[in-house]
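Report on the following structure.
What follows is calculated from the coordinates using simple rules that are stated; it is not laboratory data. Every value quoted in this text rests on a predicted model; they were computed, and no experiment measured them. All Cβ positions, glycine included, derive from the backbone under ideal geometry; neighbour counts span all protein chains shown.
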Amino acid sequence: MNLGLIGREKAGKTTIFNALTGKSADVSEYTAAKLEPNRAVVEVLDKRVDVLTEQYQPKKTIYATIHVTDFVGLSKGSAEHSLFSVAALGLIKTVDSLALVLRNFSNPVIDEVYGPADPVKELDTLLGELVLTDQIVVERRLEKINEDLKRGKKDAHSAQEEKALQRLLEVLSEGGKVRDIDLNAEEEKTLAGFQFLTAKPIFAILNSGEENYGKNEALEKTISAVCPVIEFAGTFEMELAGLKEDEAAEFMSDLGITESARSRLTTFAHDILGYISFFTVGKDEVRAWTIRRGENAVDAAGTIHSDLARGFIRAECFTYDDFAALGSEKAVKEKGLFRLEGKDYIVKDGDILNIRFSV
Ligand SMILES: Nc1nc2c(ncn2[C@@H]2O[C@H](COP(=O)(O)OP(=O)(O)O)[C@@H](O)[C@H]2O)c(=O)[nH]1
Ligand SMILES: [Mg+2]
C-alpha cells in the first residue's frame, strides 16, 4: 500500500508523517514547504505474524509494509488556482490512496496567517482541487482529440475515448469524483493511463489538538458524509512515537487513545480501503502480504512473484484462525481443514497460502 498525505500548508502533514513513521522530519510554524517530499516505509504491526514466527522459527520474518509520502502543501495563495505543481502532480499520481490532512487545532502563529481552523472548508477546497486537476486533464485531452479530428485523424479508439472522457467531464464538472463513476471494463481500459487523482481511494485525517481530541463527533459526522475519516492528535502522537512503549501507553490513556497512530491508521486503511493480508510460511521466511479484498488466488500469487501467477497451478490454503485454534499445521491437516484452491478462489484475510506453480 502506498499512501500519500496531502493538505494545506501547516495542516500538520509532516507532523502526522512523523507520528506514523517515528521519523523526525522538520515541523515548524515558520519553515517554508520543501520541494522534496518526505518518504518512509512502515511495517504493518500484525500479531498473527509474530505467532507464525514463533511456530515456524524462520530465518527471517517480513511484515507487510505501507509506504507513506508527505507531499508539499498547498500554499496559501494558490487555493483558488491550482494546488499541485507539475512536479508534485507527477509524484502524487504514483501513490494509490490519498489521505487529506485537515487542520483541527489552533496555534496563534498559524491562525494569524491562515485563519482559524476550518476542517470542513479545507476538505471542500482539497477535494475541489483534486476534481479540478482531473477536469483539466480531461479537457486538454478532449481538445487534443478534437484537433486531431479536424486534421482528419479519426479512429475507433479515439471515438471511444472521447465518449468515455465526456462522461467523466460531466461528473467532474459537477464536483464528482472519477471513483464514483461506474465504468465498464472497456472504459476502464481506455482511461487507465490517465491515473486520475479522484479515481484513487480518498479519506480524511482530522488532525486535532490535544485539547479537542476525541470531542469532535459532530465534525466527524459531517466529514464522513463526504469521505471516511480518522482522527489523530498529531503533535501529541508524534511525541509518543519517540517514547518507549510503556511510557507512551501511559500518556495515551490520558487522552483516551488505546493504540498507536500507526496501528490505528493501518487498521483503518485496511478496512476502509479494502486491503487484506495473507501469509506465506516456512523455514526460510514467514511473511505477510497485502492485496485488495476480492482479489483471487492468481492475484495473490502475482503479488509474491509474477512467475507464480504465470505458472499458477493451485493454492494450498489454510486459515490463520484454524492454525491458531489447533496449534499446528499438522493438526489443521488432520482435521481436514487444509484445502486446495483454484485460480478463481477469492483470498480471505488471514489465509495462509502456498502457491504451486510451474513455469
Ligand atoms: N497544537 C497542535 N499543533 C500542531 C498539530 N499538528 C501540527 N501542529 C503544528 O503546526 C505546524 C505545522 O505542522 P507541519 O506538520 O509542519 O504542517 P505541514 O505544513 O502540513 O507539513 C507545526 O508548528 C506543528 O507543531 C496538532 O495536532 N496540534
Ligand atoms: Mg510539511
Task: Cα gyration tensor shape for the stretch 267-359, rounded if a/c is under 1.5, else prolate or oblate - done: oblate
TODO: May I ask for the percentage of alpha-carbon pairs in the stretch 129-199 that lie more than 19 Å from each other?
DONE: 29
Task: Cα gyration tensor shape for the stretch 154-248, rounded if a/c is under 1.5, else prolate or oblate - done: prolate
Open item on the list: Let me check against my output: what whole-number percent is the relative contact order of the chain, with C-alpha pairs under 8 Å and at least 6 apart?
Closed with: 19
Task: Order of VAL131, VAL359, VAL51 under a 10 Å beta carbon neighbour criterion, fewest first - done: VAL359, VAL51, VAL131
Task: Taking LYS150, LYS200, LYS13 and counting other C-beta atoms within 10 Å, the order from fewest to most - done: LYS150, LYS200, LYS13
Task: Filter on LYS121/LYS221; LYS59/LYS348; LYS93/LYS163; LYS13/LYS93; LYS13/LYS200 - keep pairs with C-alpha separation over 21 Å - done: LYS59/LYS348; LYS93/LYS163
Open item on the list: Checking the cross-link filter: which aspartates and glutamates have an alpha carbon closer than 18 Å to that of LYS215, excluding same-chain neighbours under 8 positions apart?
Closed with: ASP118, GLU231, GLU237, ASP254, GLU259
- [ ] Just tell me which aspartates and glutamates come within less than 16 Å, Cα to Cα, of LYS335; anything on the same chain fewer than 8 places away is out.
- [x] GLU316, ASP321, ASP322
TODO: Can you quote the Å³ per residue value for the convex hull of the Cα atoms in the chain, rounded to an integer?
DONE: 173
Task: Cα centroid separation - the stretch 235-295 against the stretch 296-321, whole Å - done: 25
Open item on the list: Could you list VAL101, VAL178 so that the one with the fewest beta carbons within 10 Å of its beta carbon is first and the one with the most is last?
Closed with: VAL178, VAL101
- [ ] Over the residues of the stretch 57-201, compute the C-alpha Rg and express it relative to 2.2 N^0.38 Å.
- [x] 1.33
